[in-house]
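Read the structure below first, then the notes.
Nothing in this text is a laboratory measurement; each read-out follows from the coordinates by a stated rule. The structure presented is a predicted model; accordingly, all values stated were derived computationally and were not measured. Methodologically, a virtual Cβ is constructed for each residue, glycine included, from the backbone with ideal geometry; neighbour enumeration extends over all protein chains shown.
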Amino acid sequence: MLKINFGSGPGKLPGWLNVDVALKYQPDLVADLRKRLPFDDHSVDFVHSEDFLVQLSIEEALDFLRECRRILKPSGVMRLLTPDLEKFARTYLEQPTWLVDTWEKFVGVPLKTRTACEVFNVGIRMAGQFHFDRSTFRKAAALSGFHAYEVTANTSDYPELRGIDLRRPNESISMYFECVPVN
């Protein structure tokens, strides 16, 4: 069984092939995930990726999703966590204190004004290139040959995908999806 954790960074998963472009994280395999993935067609059982998709442009994200579709077995499953732009914006408006407190506790990048406005601005710039909301992610997944359905943190119908999420809902603005290939 082949399980791949793409964009693993410091969050390496035991029992998974951890792939990242950054040598400093000592991944099992170094690869630029913006290019063709170094795996055969229909050779992978499970894919996991947390907070990587946001680092890509929309074009690169679509290419990455298509590549994941190419390498997944027809019975394979991909689990993706990515920041939710809608939740980020709603939290900025409705829970500004929580946003600042959570930023300081879990992100740790110093803030000059300690305001939600600063968190929102710095977060958008620092976190990546393209921020998805739920409907845009579902459309991107469909365009890439997947049916995407939302799941909750650390839960899955697949034992291999349970309990592997690093981001918890009370500590982040992440959304959690599992994607299955459409035949």
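Under the classification rounded if a/c is under 1.5, otherwise prolate if a/b is larger than b/c and oblate if not, where does the range 122-183 fall, given a ≥ b ≥ c as square roots of the Cα gyration tensor eigenvalues?
Oblate, since a/c reaches 1.5 and b/c is not below a/b.
Under the rule of -39500 (n - 2.57) per DSSP H run of 4 or more residues, summed and divided by the residues of the chain, what mean residue ellipticity at 222 nm is obtained, to the nearest 500 deg cm²/dmol?
Helix contribution divided over all residues of the chain: -8500 deg cm²/dmol.
For the chain, what relative contact order do you get, as a whole percent, if you take Cα pairs closer than 8 Å and at least 6 residues apart?
22 percent
Helix 134-143 versus the longest principal axis of the chain: what is the Cα-based angle in degrees, 0 to 90, to the nearest 10?
Approximately 20 degrees, to the nearest 10.
Report the full-extension gain for the segment Met1 to Asp28: residue separation times 0.36 nm, less the Cα-Cα distance, to one decimal in nm.
Between Met1 and Asp28, full extension yields an extra 8.1 nm.
Rounded, prolate or oblate, given the Cα gyration tensor of the chain, with a/c below 1.5 counting as rounded?
prolate
Compute the label zone of Gln129 within the range 65-104: residues whose backbone N is under 13 Å from the point 7 Å along Cα-to-Cβ.
From the range 65-104, the list is 65.
How would you classify the range 3-84 from its alpha-carbon gyration tensor, with a ≥ b ≥ c the square roots of the eigenvalues: rounded for a/c under 1.5, else prolate if a/b is greater than b/c, otherwise oblate?
Verdict is rounded for the range 3-84.
Can you give me the relative contact order of the range 94-160 as a percent, contacts being Cα pairs under 8 Å and 6 or more apart?
It comes to 18 percent, rounded to a whole number.
Which far-off residues, 5 or more places away or on another chain, put their amide H under 5 Å from the one on Leu2, with H placed in the peptide plane?
Here the answer is Asp45, Phe46, since their amide H atoms fall under 5 Å of that of Leu2.
When the Karplus curve 6.51 cos²θ - 1.76 cosθ + 1.60 is applied with θ = phi - 60°, which whole-Hz ³J(HN,Hα) does each residue of the range 20-35 get, with x for Gly and Pro?
Computed from phi, the couplings for the range 20-35 are 7, 7, 8, 4, 4, 8, 6, x, 5, 9, 8, 7, 7, 6, 7, 10 Hz.
What is the extension gain from Lys35 to Leu62, computed as 0.36 nm multiplied by their sequence separation minus the C-alpha to C-alpha distance, in nm to one decimal?
So the chain would gain 8.6 nm between Lys35 and Leu62.
Whole Å is fine, so just give me how far the alpha carbon centre of the range 1-55 lies from that of the range 129-183.
So the two Cα centres are separated by 16 Å.
Which value, in Å to one decimal place, does the Kirkwood hydrodynamic radius take for the range 81-150 when every pair of different Cα atoms is included?
13.2 Å
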